[in-house]
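Below is one structure, written out as structure tokens; the observations come after it.
Quick note: the coordinates plus some simple rules give every number you see, no bench work behind them. What you see is a predicted model; the values in this text were computed from it and never measured. Don't worry about glycine lacking a Cβ; one is built from the backbone with ideal geometry, like all the others, and counts go over all protein chains shown.
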Amino acid sequence: MHELSIAHSIMSIAERSLPAGSDGIITGVNIQVGELSGIETEALLFAFSAIKSGTVLEAAELCLDIIPGEARCTDCETVFPLHSFGTACPKCQGYLLNILRGKELKVLSLTVEEPEPAPRN
Ligand SMILES: [Zn+2]
């Protein structure tokens, strides 16, 4: 399953991003997913929740920021929203497209909560 390996990559990025020796608890992983990235968001959320127990991400929610697809026709320069591959240019019906955005997959940030400071005596 494709999404499972993506979930593992997200986890290793998050583990590396947490400063060594930090007591912070990761409560959120914010990622960008393009509409054309081929990722099933439901499957990714499921895979993430399946592998996070017992890791630094045990308390973390995966927050998806979906980037809509957009393409420019190489024939007539029309820029239009592209929701899936194999779509023709709405103006000239051409299939030669430059994908402008929508293939993103990246970890943007982590939400880390610092624990309550230990009381000093
Ligand atoms: Zn066109």
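Points worth noting:
- Tilt relative to the chain, helix 2-17 - C-alpha long axis, 0 to 90 degrees, to 10: 50
- Least to most buried among ARG72, ARG120, ARG16 (fewest other Cβ within 10 Å first): ARG120, ARG16, ARG72
- Size of electric dipole in the chain: Cβ of Lys, Arg +1 and of Asp, Glu -1, about Cα centre, debye, nearest 20: 340
- Expressed per residue, the C-alpha convex hull volume of the chain stands at 112 Å³.
- Reachable aspartates and glutamates from LYS91, criterion Cα separation under 20 angstrom, eight or more residues apart if same chain: GLU70, ASP75, GLU77
- Here's the list of lysines a cross-link from LYS52 could span, going by alpha-carbon distance under 27 Å and ignoring same-chain residues fewer than 8 apart: LYS103, LYS106.
- 0 to 90° range, to nearest 10: angle between helix 41-51 axis and the chain longest Cα axis: 20
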